[in-house]
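The values are calculated or read from the model by the stated rules, or taken from the named source; none is laboratory data. Treat the numbers as computed from the prediction; the structure is a model and nothing was measured. Every residue, glycine among them, receives a Cβ derived from its backbone with ideal geometry; neighbour counts consider all protein chains shown.
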Amino acid sequence: MDPATSELAGTEPTGTDLGSTDLASTDLGSTDLASTATAWFDENARDLPWRHPSAGAWGVLVSEIMLQQTPVARVEPAWRSWMARWPDPASLAADTAAEAIRAWGRLGYPRRALRLHACAQAIVEQHGGVVPARLEELLALPGIGTYTARAVAAFAYGQRQPVVDTNVRRLIARAVAGRADAGPATTVADLDAVEALLPASDRLAARASAAFMELGALICTARSPRCHECPFWSVCAWRLTGSPAPTGPTRRPQRYAGTDRQVRGLLLAVLREESGPVPAARLDLVWPEQAQRARALAGLVEDGLVVPVSGHRFALAGEEAGQHP
Ligand code: SF4
């Protein structure tokens, strides 16, 4: 999924103004986009481990959080390791936040590990260790926002929920509203626009939601949509009007090298390798620029990922009492 934002970071990872007005005025006749997408999905869906029934609601929840800002190819091995170690919320909740951060490895945006750990604890304390099925209960879990709650309700529990990530927003903006880009997010309108496309049946709607996401991820990509392979080819409003160029500002790809994110990653890598507090002098070695290094470290502390301990040392959250020279 698009790595630009995350509900775990306090912002919505998904959702866009798909334009309910545009949607209503688009002449798609009786074309049933959900059925078309689902038929394509039946033939083309990737065989991903979290799509197997054995993954359960916990497996779906973990996958959705990992996928928010990390590509499938990197998530899959991490997801398998995570689920082998913590096959249910109780096992993760019984472990430390530091171990969750450590296992997160290089998936990026490690606050997600912290929030997932807090989520597991809440599931144990409030729901007997079972991922809740009701949307309101999912939304009340720490770190779970509009997108993830609906994804779990749909994909784990087969409910009729609009699941609107960046890819779905773009797909529907093009196919239905005839726009190259989805535009700025307006979550309620986005959910309404996608819900209007879903079949009435829970089972079919959940399948259609998965199909829309897969089409947006694999076919209706941001930069190079593969229209000739798309099941919406004959009805897509954007294609039928000549694929007009986007009118909004072009989004630049996010830079990583030299950013505070890179420095944070380097600092965390050192802390992950140890089982307890690390001297500040050791962290000083990861990046030559003192001001940026200090800023990155302060950010990790502020996010609760790292804790300062006595003796000019730092530790992963939950390991501040560890024994390390
Ligand atoms: S025809 Fe092209 S632009 Fe339209 S939905 Fe399919 S891939 Fe996207």
(Q) Just to check your reading of the model, which residue among Ala222, Ala208, Ala217 is at pLDDT below 95, within 16 Å of the ligand (Cβ to nearest atom) and either over 21 Å from the mean Cα position of the chain (by Cα) or aliphatic (A, V, I, L, M) (or both)? (A) Ala222
Q) Just a yes or no: is a residue in region 66-81 touching an Asp or Glu at 6+ places or on another chain (Cβ under 7 Å), at pLDDT 95 or above and of a type in the set (Phe, Trp, Tyr)? A) no
Q: Scan region 165-202 for residues that are of a type in the set (Val, Ile, Thr) and within 17 Å of Glu136 (Cα to Cα) and jot them down.
A: Thr187, Val188
Q | Residue that is nearest to Val152 (Cα to Cα) [pool: residues in region 75-102 that are among the small types (Gly, Ala, Ser) and surrounded by fewer than 18 Cβ atoms within 10 Å (Cβ to Cβ)] | A | Ala90
(Q) Name the residue that is surrounded by the fewest Cβ atoms within 10 Å (Cβ to Cβ), counting only residues in region 140-170 that are among the charged types (D, E, K, R) and away from the ligand (no atom under 16 Å from the Cβ). (A) Arg160
Q. Restricting attention to region 275-306, which residues are out of contact with any helix residue (DSSP H, G or I) (no Cβ under 7 Å at 6 or more places or on another chain) and buried (at least 18 other Cβ atoms within 10 Å of the Cβ)?
A. Pro277
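Just to be sure before I move on: is Ala173 in contact (Cβ under 8 Å) with a residue 24 or more places away in the chain, in the same structural domain as Val60 (by TED's automatic domain parsing) and within 11 Å of the ligand (Cβ to nearest atom) in the structure I sent? First the steps, then the outcome.
On the way: in contact (Cβ under 8 Å) with a residue 24 or more places away in the chain: yes; in the same structural domain as Val60 (by TED's automatic domain parsing): yes; within 11 Å of the ligand (Cβ to nearest atom): yes.
Judged against the criteria, Ala173 is a match.
Among the helices (runs of 4 or more DSSP H) confined wholly to region 46-123, which include 3 or more residues that are over 17 Å from the mean Cα position of the chain (by Cα)?
Correct list: 72-85, 89-93, 97-104.
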Q. Which condition breaks for Glu229 when tested against (1) without any contact (Cβ under 8 Å) to a residue 24 or more places away in the chain; (2) within 16 Å of the ligand (Cβ to nearest atom); (3) surrounded by 15 or more Cβ atoms within 10 Å (Cβ to Cβ)?
A. (3)
Q. Given the structure, is Gly129 surrounded by fewer than 23 Cβ atoms within 10 Å (Cβ to Cβ), assigned to a loop (DSSP other than H, G, I, E, B) and in contact with a Ser or Thr (Cβ under 8 Å, 6 or more places away or on another chain)?
A. no
Q: Would you confirm whether any residue within region 307-322 is assigned to a helix (DSSP H, G or I) and either outside the structural domain of Ala98 (by TED's automatic domain parsing) or within 22 Å of Arg112 (Cβ to Cβ) (or both)?
A: no
